[in-house]
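Before any comments, here is the structure.
What follows is calculated from the coordinates using simple rules that are stated; it is not laboratory data. The model shown is predicted, which means the values in this text are computed figures rather than measured ones. We place every Cβ from the backbone using ideal geometry, glycine too, and count neighbours over all the protein chains shown.
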Amino acid sequence: MSEIKKTWSIKDSVVVLRILIGWHFLYEGIIKLYDPEWTSFGYLASAQGPLEDFFLAMTNDGIIDWTNGLNIAALIIVGLTLTLGVFEKIGAIIGIGLLAMYYLAHPAFPWLDQIRAEGNYWFVNKNLIELAALLVIYQLPTGDYFGLNRIIKKNKKDIKN
């Protein structure tokens, strides 16, 4: 056990977490981008909780295409920044915002029916857990340790010398 501690640091763990979450966001964005049938309409139209009216307003004919496009773009941006390890704080903030919106559209409140839920939740669901993980990634960025940021900074140093 002590050998693992010597070779595996918290940065390594956060890198793995960052890449896995990045991959999840990137995959979700690309799948939606290439699926002409995909729309956020059903998810938003079945929204519940205190912000139900806000999410229902996003389903209006003049807004739904923008909502879909912005959702896809945000998913891909978060996915790329986290997977590649560049601008990861920005990606984490955007991801936190998206996950907060997803959570608030279908909050895991025990007094609400769990519509469009993959399980049974009591206040905490996968969106809230992934949001908390993005808070860690925001506070412990690892792109300089393992990511595109490391290569960019190395190249800048080489150019200055």
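The computed log10 I(q)/I(0) by the Debye sum over Cα atoms at q = 0.10, 0.18 Å⁻¹ for the structure shown corresponds, within (1) -0.34, -1.08; (2) -0.68, -1.05; (3) -0.45, -1.11, to (3).
Placing +1 on the Cβ of each Lys and Arg and -1 on the Cβ of each Asp and Glu in the chain, which of A132, Y102, I64 has its Cα farthest towards the positive end of the resulting dipole? About the Cα centre, the residue reaching furthest to the positive side is A132. Taking the average, over residues, of other Cβ atoms within 10 Å as the packing measure, peptides 70-78, 35-43 rank 70-78, 35-43 from highest down.
Expressed as a rounded percentage, what relative contact order does the chain have, with Cα pairs under 8 Å and six or more residues apart? With pairs under 8 Å counted, the relative contact order is 27 percent. With both labels modelled 7 Å from their Cα along Cα-to-Cβ, the L135 to S13 distance reads 1.7 nm.
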